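Asker: Have a look at this one before I ask anything.
The values are calculated or read from the model by the stated rules, or taken from the named source; none is laboratory data. Note that this is a predicted model, so its numbers are computed, not measured. Here Cβ is always computed from backbone atoms with ideal geometry, including for glycine, and neighbour counts include all displayed protein chains. Accessible surface areas use protein heavy atoms only, side chains included; no ligands, DNA or RNA. Shrake-Rupley method; radii C 1.70, N 1.55, O 1.52, S 1.80 Å.
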Amino acid sequence: MNHPGWADAIRTYYEQKNQIWFQGGAGLSRMVASFRVHGCQEALLWYQRLARRRRTVLQSVTRVDTRRVRRQLTNGPGDPKSQKPASARLSTEKLWVDVLEHVQLLYRTGEDVGEERRIYPWRLALLPAGGTWRVVEERPLNDADRAVWGTSPQEQEGKSADRAPGWWRERWRKLFSFRRFDRLQVFKYAELWWDGYNPRFRAFRVDCTNFVSQCLWHGGFPMEPAERPEQGWWYAWKEGGEDRWSLSWAVSHSLYWYMVQKAREGKVRFVDLPGRLYVGDIILYDWNGDGTWQHAAVVVDFDPEGQPLVNAHTTASYHRLWDYGDSPAWTRETRYAFIHIEDG
């Protein structure tokens with residue numbers, strides 16, 4: 001590559017973003033205007049919500065992992081009045097770089113110190129600038145791109161449309177139907193895999209519900225095998241072939257309706273306040289309030305005010321405040337389903 005400084009340009013870019021946590025007033029406003037086009041919205045909302053909840057940022061650390069670099073030659077704009085064909089105009093080099101932005105935040109609430117972490121997968125565009133490089137674009141990537149770089153995983157809906165094999169049905173019923181729910185195991189699993197992917201399971205393009213299902217199953221919530229993906233709640237490993245799963249395992253909306261069914265059976269209970277949840281319970285999110293449930297998270301801890309903190313995938317989140325009020329997906333119409341798993 002002509003200019004080896006592209007890594008330094010990326011590092012500088014994220015160091016500048018990290019300064020947002022320590023800016024206030026006019027300084028923060030200037031930085032908002034400077035970075036809004038480069039994917040900073042969620043970080044700014046995060047900072048603003050911390051301030052509203054009277055949390056003082058003690059330390060913010062950003063680490064960037066570079067995963068893939070691609071070089072592209074593009075035609076420069078040239079003279080718009082030029083009669084030369086585009087291919088004959090001045091070409092410029094452009095880099096596309098996939099990175100993981102790891103943000104670790106320490107904050108104080110009164111006398112208590114808390115920690116929150118997130119991982120943002122980005123695809124950056126860089127152009128040459130004065131002998132070095134400049135970041136000109138930042139696009140979010142999804143979980144599957146982060147889990148398996150350079151591949152295009154099959155969409156979960158298409159794959160789940162196949163019939164599940166029936167040979168494992170009774171075997172699973174005997175193995176998993178009588179397990180007692182163990183919240184400690186849910187917690188351990190959610191803490192271990194919040195920023196990664198258990199290789200025993202497929203990583204989806206939108207992985208939040210798959211992650212929550214794994215946490216519940218690891219805690220002893222029993223799989224319910226069925227012949228069709230529209231039924232039950234299950235994940236089937238198939239030796240030498242493609243795994244299969246129910247829609248409720250991997251799709252938030254389907255998991256919601258499965259939990260409605262389990263509530264009728266007394267296996268779970270919908271509660272009206274987040275403070276009535278326990279570690280190992282789950283929260284589902286309907287961003288637009290239109291009855292379509294689009295996100296899922298698992299409760300792993302509570303803040304000093306008794307509000308749940310959650311771990312989740314899609315944006316990999318560690319001990320995030322339950323309401324997601326700093327997410328660009330959040331709206332004033334957002335609805336929540338607070339689901340308590342019965343221990344028996």
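Asker: Calculate the spin-label point distance for residue 73 paired with residue 45, positioning each point 7 Å from the Cα along the beta-carbon direction, and give it in nanometres.
Answerer: 4.2 nm
Asker: How big is the dipole moment of region 183-341 about its Cα centre under a simple scheme where the beta carbon of each Lys and Arg is +1, that of each Asp and Glu is -1, and everything else is neutral? Debye, nearest 20, please.
Answerer: Approximately 360 debye in magnitude.
Asker: Sticking with the crude label model, points 7 Å out along Cα→Cβ, report the distance from residue 59 to residue 228 in nm, one decimal please.
Answerer: Going from the residue 59 label point to the residue 228 one covers 5.5 nm.
Asker: Now for a separate question. For the pair residue 305/residue 243, report the inter-label distance in nm, with labels modelled 7 Å from Cα in the Cβ direction.
Answerer: Taking the two extended label points, one gets 3.8 nm.
Asker: What are the ³J(HN,Hα) values, in whole Hz, obtained from phi via the Karplus relation 6.51 cos²θ - 1.76 cosθ + 1.60 with θ = phi - 60°, for each residue of region 297-311 in sequence order, with x given for Gly and Pro?
Answerer: 8, 10, 6, 10, 6, 9, 7, x, 8, x, 8, x, 10, 10, 10
Asker: Moving on to the next point. Of the listed peptides 310-323, 269-282, what is their order by residue-averaged count of other C-beta atoms within 10 Å, with the highest listed first?
Answerer: 310-323, 269-282
Asker: In a solvent-free Debye calculation with one equal scatterer on each Cα, what is log10 I(q)/I(0) for region 183-341 at q = 0.12, 0.19 Å⁻¹, listed in the order of the q values?
Answerer: After summing over all Cα pairs, the log10 values are -0.47, -1.25.
Asker: Would you mind putting 105-116, 287-298 in packing order, based on average other-beta-carbon counts within 10 Å, highest first?
Answerer: 287-298, 105-116
Asker: Whole-Hz Karplus ³J(HN,Hα) for region 250-255, in order, using 6.51 cos²θ - 1.76 cosθ + 1.60 and θ = phi - 60°, x for Gly and Pro?
Answerer: Once θ is set to phi - 60°, the couplings for region 250-255 become 10, 10, 4, 4, 5, 5 Hz.
Asker: Given a 1.4 Å probe and every protein chain left where it sits, what share in percent of the accessible area of region 184-326 is carbon and sulfur?
Answerer: 51 percent
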